[in-house]
Amino acid sequence: MEPRLSALCPPAGPACPDGWMGYRGKCYYFSEAEGNWNNSQSQCSALSASLAGIDSEQEMTFLLRHKDAHDHWIGLRREQGQPWKWTNGTEFNHLFQIRGGGDCAYLNDEKGVSSSRCYMGRRWICTKPEVYVMGKGTALEGSSK
C-alpha cells in the first residue's frame, strides 16, 4: 500500500496569528484598547501590520460586519489641504464617502466612514497579508490583494 500524498505533504493553507481574523488574503486585528491615530498606526507597526486599508466594497462589508459598536481607526489620513491617502501612500480612490471635516478616518457605528481630529481616542483595525503555511512549517507571505 502506497502512502497517500496528503500524509507526506500536508496541504497549504492560510494562517493568521491568534486573535486575528482572515479574509481574502489578509489578516485583520480589531483592537480592544483605544489610542489616537498615530498611536494606533504605531501599535499596528509593532505587529508587522498597518492600519487597515479598504480595497473593495466586499472588504468594507467584512470590516463593518466584524467590528463591534465602537469606532475604529482605519489607515486613511490627509494633510491639511491635501487629498486623502492610505498609510502605504496610495491616494484614496473615493470608493466610499467620508463624512466630517477631520484629517483621520474611522469606521463609525452607523456603518460608514467618518473623519475627526487625529488626537481622538478610538479603537483601531490592523491588517497584514496572510501567511500560507506549507508542509513542515515553511511559510510564504500571501498577496495583499
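The values are calculated or read from the model by the stated rules, or taken from the named source; none is laboratory data. Keep in mind it's a predicted model, so treat the numbers as computed, not measured. Virtual Cβ from ideal backbone geometry, glycine too; neighbours counted across all protein chains shown.
Restricting to region 26-62, and then to whatever is within 14 Å of the chain's Cα centre (by Cα), part of a helix (DSSP H, G or I) and of a type in the set (S, T, N, Q), can you tell me which residue is surrounded by the most Cβ atoms within 10 Å (Cβ to Cβ)?
Ser40
Being of a type in the set (Gly, Ala, Ser) and in a loop (DSSP other than H, G, I, E, B) is the filter; apply it to region 112-126 and report the residue that is nearest to the chain's Cα centre (by Cα).
Of all residues in region 112-126, those of a type in the set (Gly, Ala, Ser) come to 112, 114-116, 121.
Now restrict to residues that are in a loop (DSSP other than H, G, I, E, B): 112, 121.
Details: Gly112: 16, Gly121: 18 Å.
Per the stated criteria, the residue is Gly112.
I need a count of the residues in region 91-130 that are of a type in the set (S, T, N, Q), closer than 23 Å to Tyr23 by Cβ and surrounded by 13 or more Cβ atoms within 10 Å (Cβ to Cβ).
Step one: list which residues in region 91-130 are of a type in the set (S, T, N, Q), which gives 93, 97, 108, 114-116, 127.
Checking the rest, the ones that are also closer than 23 Å to Tyr23 by Cβ come to 93, 97, 108, 114, 127.
Subsequent filtering for residues that are surrounded by 13 or more Cβ atoms within 10 Å (Cβ to Cβ) retains 108, 114, 127.
Qualifying residue count for the region: 3.
Give the number of residues within region 43-82 that are touching a residue at least 60 places away in the same chain (Cβ under 8 Å) and either in contact with a Phe, Trp or Tyr (Cβ under 9 Å, 6 or more places away or on another chain) or of a type outside the set (Ser, Thr, Tyr) (or both).
Initially, region 43-82 is screened for residues touching a residue at least 60 places away in the same chain (Cβ under 8 Å), giving 43-44, 47-53, 55, 63.
Restricting the remaining residues to those that are either in contact with a Phe, Trp or Tyr (Cβ under 9 Å, 6 or more places away or on another chain) or of a type outside the set (Ser, Thr, Tyr) (or both) gives 43-44, 47, 49-53, 55, 63.
Residues in region 43-82 being touching a residue at least 60 places away in the same chain (Cβ under 8 Å) and either in contact with a Phe, Trp or Tyr (Cβ under 9 Å, 6 or more places away or on another chain) or of a type outside the set (Ser, Thr, Tyr) (or both): 10 in total.
Do you know which of the residues in region 67-106 that are part of a strand (DSSP E or B) and over 19 Å from Ser42 (Cβ atoms) is farthest from the chain's Cα centre (by Cα)? Quick ask: steps written out before the conclusion?
Kept after step one, since they are part of a strand (DSSP E or B), are these residues of region 67-106: 72-77, 85-86, 91, 98-99, 104-106.
Okay, now just the ones that are also over 19 Å from Ser42 (Cβ atoms), so 91, 98-99.
Details: Glu91: 17, Ile98: 18, Arg99: 20 Å.
Among those residues, the one meeting the criterion is Arg99.
From the residues in region 63-77 that are modelled with pLDDT under 95 and touching a strand residue (DSSP E or B) at 6+ places or on another chain (Cβ under 9 Å), which one is surrounded by the fewest Cβ atoms within 10 Å (Cβ to Cβ)? Working first, answer last.
Narrowing region 63-77 to residues modelled with pLDDT under 95: 64-70.
Remaining after also requiring touching a strand residue (DSSP E or B) at 6+ places or on another chain (Cβ under 9 Å): 64, 66-68, 70.
Working: Leu64: 17, His66: 13, Lys67: 21, Asp68: 10, His70: 15.
Going through the qualifying residues, I end up with Asp68.
Please work out if Asp109 is modelled with pLDDT under 90, touching a His at 6+ places or on another chain (Cβ under 9 Å) and either more than 13 Å from Asn38 (Cα to Cα) or not in a loop (DSSP other than H, G, I, E, B) (or both).
Values: modelled with pLDDT under 90: yes; touching a His at 6+ places or on another chain (Cβ under 9 Å): yes; either more than 13 Å from Asn38 (Cα to Cα) or not in a loop (DSSP other than H, G, I, E, B) (or both): yes.
Spelling it out, Asp109 is indeed modelled with pLDDT under 90, touching a His at 6+ places or on another chain (Cβ under 9 Å) and either more than 13 Å from Asn38 (Cα to Cα) or not in a loop (DSSP other than H, G, I, E, B) (or both).
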